[in-house]
Amino acid sequence: MTPRPDALVVPRVGPTRSNAPRRQICTTFWLASRLNPKPPTPRGQLLTTLVEQSRKEEGCVSYELYQQAATPHVFQTVEQWKDEAAAKAHMSTSHVGAAIAAAGPLFAAPPEILAYNKLA
């Protein structure tokens, strides 16, 4: 299944107290990808290329890729963006679109994208 690039919904970052002014907080995403165990193309290269290109984006604070040790067809990315605008801009880049198009047939299930804001 191919995830839609517009499926990412970035939560609105609110104030830390009801009377505090709005401030930008680093937005973190955890993306779990379960790929078919025996894909026709090397999946690691596709993902590492996406990581390398994403790290070059202006709003990227951190972009890490993990592979599950016991099940090597399960990957996790942990992305940190300086703000929600940077995260949205990332999803509209040509390298994300190309990665989604190339990885679509490799997915065993739709990726799960969870957004977090750091509290402490």
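For residue 36, the amide hydrogen comes within under 5 Å of the amide hydrogens of 107, 108, counting only partners 5 or more places away or on other chains and with H modelled in the peptide plane. Between segment 78-93 and segment 59-74, what is the C-alpha centre distance in whole Å? A separation of 17 Å, based on Cα centres. Using only the Cα atoms, work out Rg/Rh for segment 25-117, with Rh taken as the Kirkwood radius, to two decimals. Rg/Rh for segment 25-117 comes to 0.95.
The modelled label-to-label distance between residue 32 and residue 85, using points 7 Å beyond Cα along the C-beta direction, is 3.3 nm.
Here the Karplus curve 6.51 cos²θ - 1.76 cosθ + 1.60, taken at θ = phi - 60°, turns the phi angles of segment 103-120 into couplings of 7, x, x, 7, 5, 7, 8, x, x, 9, 10, 10, 9, 10, 10, 5, 9, 8 Hz, with x standing for Gly and Pro.
Remark: segment 76-87, residue by residue, has Karplus-estimated 3J(HN,Hα) of 9, 10, 10, 10, 10, 10, 4, 6, 5, 5, 5, 5 Hz, where x stands for each Gly or Pro and the curve is 6.51 cos²θ - 1.76 cosθ + 1.60 at θ = phi - 60°. Label-to-label distance for residue 116 and residue 52 is 2.8 nm, based on points extended 7 Å past Cα in the beta-carbon direction.
Rule-based calculations on the coordinates, nothing more; no lab input. What you are looking at is a predicted structure, and each value in this text was computed from that prediction instead of being measured. When we count neighbours, we look across all protein chains shown, and the Cβ atoms used for this are built from the backbone with ideal geometry, even at glycine.
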